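Asker: Below is one structure. I have some questions about it.
The values are calculated or read from the model by the stated rules, or taken from the named source; none is laboratory data. Fair warning: this is a prediction, and the values are worked out from it, not measured in the lab. Here the Cβ positions follow ideal geometry from the backbone for every residue, glycine too, while neighbour counts run over all protein chains shown. Note: areas computed on protein heavy atoms with side chains; ligands, DNA, RNA excluded. Shrake-Rupley method; radii C 1.70, N 1.55, O 1.52, S 1.80 Å.
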Amino acid sequence: MTINDFVINNLSISTSRSIYEPNIYDHCYSLLSENNDFKEAKVNFNYNKNFYEISEFDYMENLHKNFTGIKIYDYNYIDEVNEKLKTNLKSLLKEEYTSEFLKPIIKFTTDKILKYATLEKTLGTKIINPWKPIKGILDKGLLIYGTDKKDELLEYNKRFKKENIKVNGHMGFIVKGKHKPFGGLVIDDRFNLMITLLKFLEKLETSHHKPIQLKFISEYISRKTKQRWTDSDVQIALTTPMKKMGMIGSTKEGFFKLNNIQDIQESYCFHLGKSISIDRILRTYTEMLKKEDSTIDPTSYCENKHKNVIHSEE
């Protein structure tokens with residue numbers, strides 16, 4: 001990674017939710033992967049700004065404990081990235097850069113990108129960087145800001161009021177592209193539902209010996225929320241993120257709470273098998289592409305494809 005990797009050429013003309021929503025939730029999931037308070041939380045958990053900031057602090061504290069002897073902060077590098085980012089944003093935002101209205105957004109974006117740069121420089125692939133999804137949002141030409149203040153969220157995005165979204169006490173994120181209106185979302189109730197599901201799996205005394213099928217989880221969540229949840233809905237919003245956060249495991253027989261090393265090992269073996277199968281498919285596609293064009297780099301193509309959201313009207 002070089003300093004120029006923190007430069008974007010244009011701000012996006014689109015603030016479509018599909019561009020940034022997966023990144024925002026992946027960011028939150030990654031932070032909570034090291035947060036035992038969340039995993040032991042009671043039902044009616046509220047993902048607010050205070051908890052968000054505590055999650056960031058706890059994540060960094062755990063890094064210091066897990067990587068003793070490694071100098072995590074390279075202050076010269078951080079200063080370089082900060083200056084490069086500041087120059088880039090000044091160029092893109094022009095007179096907007098100094099407006100009071102945008103100051104919180106610029107500060108929040110900068111803070112998260114510097115956290116990403118810090119860990120990417122010193123720890124790299126040794127960790128899953130929780131701020132990488134925020135860097136992905138910037139790469140798409142969007143700036144971001146997080147708050148749980150209702151008036152502040154409505155000031156940036158009037159759509160929240162029109163849609164009557166519950167914003168009091170819930171962490172929300174605003175995104176800015178090239179034009180108004182701003183985009184954004186308020187974190188939904190999925191984190192509370194994760195705690196609800198975890199308690200359900202505990203009550204059933206699930207394990208790799210006693211898993212529960214996805215269809216029964218979907219039926220349970222549908223009853224609790226009084227809304228229809230498909231198996232796909234549950235996988236996207238609950239079970240897959242919970243696996244990423246180390247809360248639950250799964251095998252072909254179903255899902256279970258991770259109670260001990262055996263549960264973790266069985267879930268690992270199941271997912272390793274899926275990973276090997278996916279790698280085999282990717283190798284086949286790579287060979288097919290190379291036969292057509294020996295210079296092609298499939299990985300770079302995919303990375304650039306994700307970055308190349310339309311940034312200008314050209």
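Asker: Please work out whether the stretch 71-199 counts as rounded, prolate or oblate from its C-alpha gyration tensor, where a ≥ b ≥ c are the square roots of the eigenvalues and a/c under 1.5 means rounded, while otherwise a/b larger than b/c means prolate and anything else oblate?
Answerer: Oblate.
Asker: For the chain, calculate the relative contact order in percent as a whole number, restricting contacts to Cα pairs under 8 Å that are 6 or more residues apart.
Answerer: Taking the mean separation of contacting Cα pairs over the length of the chain, I get 23 percent.
Asker: Would you work out the charge dipole size for the stretch 29-168 about its Cα centre, treating the Cβ of every Lys and Arg as +1 and the Cβ of every Asp and Glu as -1, and quote it to the nearest 20 debye?
Answerer: The dipole of the stretch 29-168 has a size of about 420 debye.
Asker: Hey, another quick one. What is the local net charge at Asp26, summed over the other residues whose Cβ is closer than 11 Å to its Cβ (Lys, Arg +1; Asp, Glu -1)?
Answerer: +1
Asker: Leaving out ligands and nucleic acids, and using a 1.4 Å probe, what accessible area per residue does the stretch 1-146 come to in Å²?
Answerer: It amounts to 49 Å² per residue over the stretch 1-146.
Asker: While we're looking at this one, here's another question. Apply the Karplus curve 6.51 cos²θ - 1.76 cosθ + 1.60, θ = phi - 60°, to the phi angles in the stretch 101-112 and return the couplings in whole Hz, x for Gly and Pro.
Answerer: 4, 9, 3, x, 5, 5, 5, 5, 4, 4, 4, 5
Asker: In square angstrom, what is the accessible area per residue of the stretch 228-292 with a 1.4 angstrom probe?
Answerer: Result: 67 Å² per residue.
Asker: Next question, about the same structure. With Cβ to Cβ distances under 15 Å as the rule, what net charge do the other residues near Thr286 carry (K, R +1; D, E -1)?
Answerer: Neighbour charge sum, excluding Thr286 itself: -2.
Asker: Using per-residue counts of other Cβ atoms within 10 Å, averaged over each peptide, order 245-256, 24-35 from highest down.
Answerer: Order by mean packing, descending: 24-35, 245-256.
Asker: Evaluate the Debye formula for the chain with equal point scatterers sitting on the alpha carbons, no solvent, and hand back log10 of I(q)/I(0) at q = 0.11, 0.15 Å⁻¹, in q order, two decimals.
Answerer: -0.82, -1.39
Asker: In the stretch 15-52, which trypsin sites (Lys or Arg not before Pro) are in a loop and have at most 14 other Cβ atoms within 10 Å, using DSSP for the loop call?
Answerer: Qualifying residues, ordered by number: Lys42.
Asker: Evaluate the charge dipole of the chain about its Cα centre and quote only its size in Debye, nearest 20, assuming +1 on the Cβ of each Lys and Arg and -1 on the Cβ of each Asp and Glu.
Answerer: Dipole size: approximately 760 debye.
Asker: Enumerate by residue number the trypsin sites (Lys or Arg not before Pro) in the stretch 50-95 meeting two conditions: DSSP loop (anything except H, G, I, E, B), and at most 10 other Cβ atoms within 10 Å of the site's Cβ.
Answerer: Lys71
Asker: Quick check: net charge around Leu123, other residues with Cβ under 14 Å of its Cβ, Lys/Arg +1 and Asp/Glu -1?
Answerer: After counting each charged neighbour, the total is +3.
Asker: For the stretch 91-138, what is the charge dipole size about the Cα centre, in debye to the nearest 20, if Lys and Arg each add +1 at the Cβ and Asp and Glu each add -1 at the Cβ?
Answerer: Computed about the Cα centre, the dipole is about 300 debye.
Asker: Once neighbouring chains are kept in place and the probe is 1.4 Å, which whole percent of the accessible area of the chain is contributed by carbon and sulfur?
Answerer: The computed percentage sits at 51.
Asker: Now, a different point. Can you tell which of Ser277, Pro211, Ser12 lies farthest toward the positive end of the dipole of the chain, using +1 and -1 charges on the Cβ of basic and acidic side chains (Lys, Arg; Asp, Glu)?
Answerer: Among Ser277, Pro211, Ser12, the one farthest towards the positive end of the dipole of the chain is Pro211.
Asker: Going by average Cβ density within 10 Å per residue, which order do the peptides 174-181, 229-236 take, highest to lowest?
Answerer: 174-181, 229-236
Asker: Kindly provide the pair-distance distribution of the stretch 189-276 built from C-alpha pairs, with 10 Å bins from 0 and whole-percent values in order of increasing distance.
Answerer: Whole-percent P(r) values from 0 Å outward: 18, 55, 24, 3.
Asker: Within the stretch 40-95, list the chymotrypsin sites (Phe, Trp or Tyr not before Pro) lying in a DSSP loop whose Cβ has at most 15 other Cβ atoms in a 10 Å radius.
Answerer: For chymotrypsin sites (Phe, Trp or Tyr not before Pro) across the stretch 40-95 that sit outside H, G, I, E and B with at most 15 neighbouring Cβ atoms in 10 Å, the list reads Phe67, Tyr73.
Asker: Another one. Going by amide H atoms built from the backbone, whose H comes under 5 Å of the H on Gly184, apart from near neighbours?
Answerer: Placed amide hydrogens put Val175 under 5 Å from Gly184.
Asker: Follow-up. Using only DSSP helix segments of four residues or longer, with each worth -39500 (n - 2.57), what per-residue ellipticity at 222 nm results for the chain after dividing by its residue count and rounding to 500?
Answerer: My calculation for the chain gives -17000 deg cm²/dmol from helical runs alone.
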